[in-house]
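Written out below as structure tokens is the structure these notes cover.
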Amino acid sequence: MKVIPTKLPDVVIFEPEVFGDDRGFFMESWNRQSFSALGFELDFVQDNHSRSVSGVLRGLHFQRRKPQGKLVRVVSGAVFDVAVDIRPGSDTFGKWIGVELSATNRRMMWVPPGFAHGFLTLQDGTDFLYKCTQFYDPADEGSIRWDDSTIGIEWPLNGSEPTLSTKDSAALSLKATQLP
Ligand SMILES: Cc1cn([C@H]2C[C@H](O)[C@@H](COP(=O)(O)OP(=O)(O)O[C@H]3O[C@@H](C)C(=O)[C@@H](O)[C@H]3O)O2)c(=O)[nH]c1=O
């Protein structure tokens, strides 16, 4: 597995080894031993799967008391996936990274606990899968505005408006959001 660092030291991209043959392909999407050997001791407790039409933006989500680390990937379609460092006191507080994850590039991104996470779907029928290190807790979760100008994420929207949930439409700026 290839590990690709990003400009945010704790966020990394993984490129699994893909074995193709006449039948199709095979790859390991999660192997505790292999990740551990690379320095990632991860203990996942929940797997999630969402499907979206093109132009859906989910995020930017986080949990306060029980932050979730997420290993995210796409098995159908493509997304622009974003992690924002919202750890108070961090050298990279407020900084973001955006990466295209697709069924074609088979890349995964590690979003560490303490980061807000979101993604924009680039194709209809995008299936997004992720493993989480903490259970979902709706009472603990928060959402930061996707278009917060102090974060300044360059979403590849080409002038169109994203489709948001009611919750995400009502999200506050990073500054106005109560952080851990
Ligand atoms: C996230 C989640 C939602 N749900 C329920 C609550 C709600 O009725 C329905 C849809 O929830 P949401 O609108 O929050 O789903 P969604 O906007 O897809 O939320 C996800 O967004 C991405 C960006 C993340 O990083 C995830 O951690 C998660 O927050 O599913 C669960 O039962 N378990 C879960 O773990």
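Please list log₁₀ I(q)/I(0) at q = 0.18 Å⁻¹ for the chain, using the Debye equation with identical point scatterers on the alpha-carbon positions.
-1.26
Under a Cβ-only charge scheme (Lys and Arg +1, Asp and Glu -1), can you give me the dipole magnitude of the stretch 1-75 about the Cα centre, in debye to the nearest 20?
Once rounded to the nearest 20, the dipole reads 580 debye.
For the stretch 78-180, count the residues as N, evaluate 2.2 N^0.38 Å, and divide the Cα radius of gyration by that value, please.
Computed over Cα atoms of the stretch 78-180, the ratio equals 1.08.
Using only the Cα atoms of the stretch 1-94, construct the convex hull and provide its projected area averaged over every direction, in square nanometres to one decimal.
8.2
What list of ³J(HN,Hα) values in whole Hz, one per residue of the stretch 55-60 in order, does the Karplus curve 6.51 cos²θ - 1.76 cosθ + 1.60 (θ = phi - 60°) give from phi, with Gly and Pro shown as x?
Here the 3J(HN,Hα) series is x, 8, 10, 10, x, 9 Hz.
For the chain, set up a GNM with springs between Cα atoms under 10 Å and report which of Ser54, Ser169, Ser160 has the largest fluctuation.
Evaluated over the chain, the most mobile residue of the options is Ser160.
Counting helices only, and only those DSSP H runs with n ≥ 4, report the 222 nm mean residue ellipticity of the chain as the sum of -39,500 (n - 2.57) divided by its residues, in deg cm²/dmol to the nearest 500.
-1000 deg cm²/dmol
Every read-out reported here was derived from the displayed coordinates using simple, explicitly stated rules and does not represent laboratory data. The model shown is predicted, which means the values in this text are computed figures rather than measured ones. When we count neighbours, we look across all protein chains shown, and the Cβ atoms used for this are built from the backbone with ideal geometry, even at glycine.
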